[in-house]
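Chemist: Handing you this structure, nothing more for now.
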Amino acid sequence: MLDTALWISQALILMALALNVYRMIVGPSMPDRLLALDTMYVNSIALIVMMGLWLNTKTYFEAALLIAMLGFISTVAVCKYLLRGDIIE
């Protein structure tokens, strides 16, 4: 039962990733593209966590935590750049 649920959820998350890639390419403005990129981070974290559940190992959870921290920091940096034109004041 768990294997079936993992396969279905991975397929749905991969479909969400494909839609995020479409929004990032076609997005009418830069904030839309930034939001699509941020959502791609979240979806990739979900895929990595599901892979850790499927393989029953803790290494994937640590990788997901690192990607979450890097995604947050990069999103804040790009937002500051878009708003002010400079990252460091």
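The values are calculated or read from the model by the stated rules, or taken from the named source; none is laboratory data. Values in this document were obtained by computation on a predicted structure and should not be read as measured data. Note that each Cβ is placed from the backbone with ideal geometry, even for glycine, and that neighbours are counted across all protein chains shown. Ligands, DNA and RNA are stripped out before the accessible areas are found, and what is left, the full protein with its side chains, is counted by its heavy atoms. Shrake-Rupley method; radii C 1.70, N 1.55, O 1.52, S 1.80 Å.
Chemist: Could you count how many residues in segment 31-80 are of a type outside the set (A, V, I, L, M), part of a helix (DSSP H, G or I) and either over 21 Å from LEU12 (Cβ atoms) or touching a Gly at 6+ places or on another chain (Cβ under 9 Å) (or both)?
Modeler: 15
Chemist: Going by what's in this entry, would ARG84 be described as at pLDDT below 90 and of a type in the set (Lys, Arg)?
Modeler: yes
Chemist: Out of segment 10-50, which residues are farther than 18 Å from VAL76 by Cα, open to solvent by less than 70 Å² (accessible area, probe 1.4 Å) and more than 13 Å from the chain's Cα centre (by Cα)?
Modeler: GLN10, ALA11, GLY27, MET50
Chemist: For segment 60-70, indicate whether the set of residues that are over 11 Å from the mean Cα position of the chain (by Cα) and at positive phi is non-empty.
Modeler: No, there is no match, as no residue in segment 60-70 is over 11 Å from the mean Cα position of the chain (by Cα) and at positive phi.
Chemist: Taking segment 51-89, which residues are within 17 Å of LEU37 (Cβ to Cβ), open to solvent by less than 80 Å² (accessible area, probe 1.4 Å) and not hydrophobic (A, V, I, L, M, F, W, C)?
Modeler: GLY71, SER74, THR75, LYS80
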